[in-house]
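Input: a single structure, listed below in structure tokens.
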Amino acid sequence: MIRSRVLLAEDDAVVAIDLARELEAAGMVVSGMASSLAETLELIDAATPDIALLNVRLRDGVSFPAARRLKALNVPFAFLTSFERSEIASEFRDIPRLSKPQVSSVIAEFVRHLAETRLAAIRRRGPGDINPAGHSR
Amino acid sequence: MIRIHSRLPERTGRAADPGQERSVQVQTGLVRSKLMRESLLMFVDLGLTPHEMSRYTGLPLATIRRQLRSLIRPTPVALPKDPASDPADARQMEADHRIANSIQFAASMLRHESRRATSVQAAQAALTDAAARLNAIARLHRQMAKTASGGNVSLAAFLGPFCKDIAQSVGALIEVRAPGVTLGADVAGQICIIVNELAMNAVKHGRPANGAAVTLTLEAVKSGQGQLTILLRDNGCGLAEDFSLKRSTGLGMVIVTSTVEKLGGSIRTLRGDGAAFEIILPCGTEATASIKDHCHDQV
């Protein structure tokens, strides 16, 4: 079984630790944990994740630049945030938003759904196209 | 003389008895205006001219025109309010975010502790810790609700109610020496969270050998370069020889270090009797201003 690699950007350390455990219990690998936008961008550049979960408000600003990068790389992701839809930049209206507070197992379930959808899409397109954006640049 | 007999009711017919007309209007004013709007919309759809509408309804042309104008004039679209335009809204939004994040934190903390609780004693200790943390969060929310958004507070005054709570819920006394130190309320709140964690640790791990009450002293000094230095020292038996902030697995130290990082500061342990920590933070108000500017740029 392919374990999807998830990037987790969350500024609250306790929430991040709990989520990471929950994601791993749901069969995914947390490839990176970031609490700031700068770290998130670095992690994306170092190795493109399969899936990402972003808090909107990070330590050093909002995560929209990282979201833009993920969108360009075709990485499916979701926001996990206390922000309302109207507070999220309009270019990300199509990105799923999990509103805080949220049960972490529900979050993990949703991320797994994103991962499975992605794998199914890759299977349909064939293995030649497994990394449309390239894993490492 | 030629008289044209129209099949339509005469326009002057109703006006003949103006008194009756008025009372009907008063009684059914609302119904009528709704009915009128709907009929006019239908007429517009059918492509009738105002003259024809006037003829078919028996209403004066001026009334039809007036109604049509109100129908055709676009109703303003309600745009989502810009929170920056209304400070009360911005404040409410801030509070909503704070509450949502606190609840998420509380749930994560409980789950995290539940994974590690392998004995009844461990579970009891974890629940006591959780209650102390929830107390601190509850106090934080009450204090923030009282403080003006983005305003500066006196650290000593802000810490006061927290220290009373900590004496009650944790059982540690806190002495605060921060003469004249003022900083952003959000930073002061985070310092309270740190003090709460370190007080919990002091009671758990470092009770003084002579049986005296656990006491922490907090000294805060603002230095010239826009830095706030906080020294936190307890009267206990000190940190273990091999204690390391980075390797500490307890939730308490995770919360302390991540809170310090969140504020853009640094923390280190100090030598001496009792556990001692030095926390250096960028001056409160400046730190929050830069984060806000950042958000503004990128939204």
- Query: Restricting the first residue to the stretch B:105-121 and requiring it to be in the same structural domain as residue B:252 (by TED's automatic domain parsing), which pairs with a second residue that is surrounded by 14 or more Cβ atoms within 10 Å (Cβ to Cβ) and part of a helix (DSSP H, G or I) meet a Cβ separation below 9 Å and a spacing of at least six or different chains?
  - Reply: none
- Taking first residues from the stretch A:41-56 that are without any contact (Cβ under 8 Å) to a residue 24 or more places away in the chain and second residues anywhere that are surrounded by 23 or more Cβ atoms within 10 Å (Cβ to Cβ), the pairs with Cβ under 8 Å that are 6 or more apart or on different chains are A:42/A:34
- Query: Does residue B:90 satisfy the condition of being part of a helix (DSSP H, G or I), more than 30 Å from residue B:168 (Cβ to Cβ), at pLDDT below 85 and within 14 Å of chain A (Cβ to nearest Cβ)?
  - Reply: yes
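Do we find a residue being closer than 19 Å to residue A:28 by Cα and at the interface with chain B (Cβ under 9 Å from one of its Cβ atoms) anywhere in the stretch A:75-94?
yes
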- Message: Given the options A:105, A:86, name the one that is of a type in the set (Ser, Thr, Tyr), farther than 20 Å from residue A:33 by Cβ and either in contact (Cβ under 8 Å) with a residue 24 or more places away in the chain or not in a strand (DSSP E or B) (or both).
- Response: A:86
- Message: Can you report the number of residues in the stretch B:250-277 which are loosely packed, with under 15 Cβ neighbours inside 10 Å and under 17 Å from residue B:206 (Cβ atoms)?
- Response: 5
- Message: Filter the stretch B:253-296 down to the residues that are modelled with pLDDT of 75 or more and among the charged types (D, E, K, R) and list them by number.
- Response: B:261, B:262, B:268, B:271, B:273, B:278
- Message: Give me the residue from the stretch B:117-126 that is assigned to a helix (DSSP H, G or I) and surrounded by 14 or more Cβ atoms within 10 Å (Cβ to Cβ) and, out of that set, nearest to the chain's Cα centre (by Cα).
- Response: B:126
- In the stretch A:1-17, which residues are without any contact (Cβ under 8 Å) to a residue 40 or more places away in the chain and more than 9 Å from chain B (Cβ to nearest Cβ)? A:1, A:3
- Can you tell me which residues in the stretch A:59-69 are within 14 Å of the chain's Cα centre (by Cα) and either free of Cβ contacts under 8 Å to residues at least 24 places away in the same chain or buried (at least 23 other Cβ atoms within 10 Å of the Cβ) (or both)? A:63, A:66, A:67, A:68
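The values are calculated or read from the model by the stated rules, or taken from the named source; none is laboratory data. Computed from a prediction, not measured in an experiment: that's the story for all the values here. For neighbour counting, all protein chains shown are included, and Cβ atoms are generated from backbone atoms with ideal geometry for every residue, glycine included.
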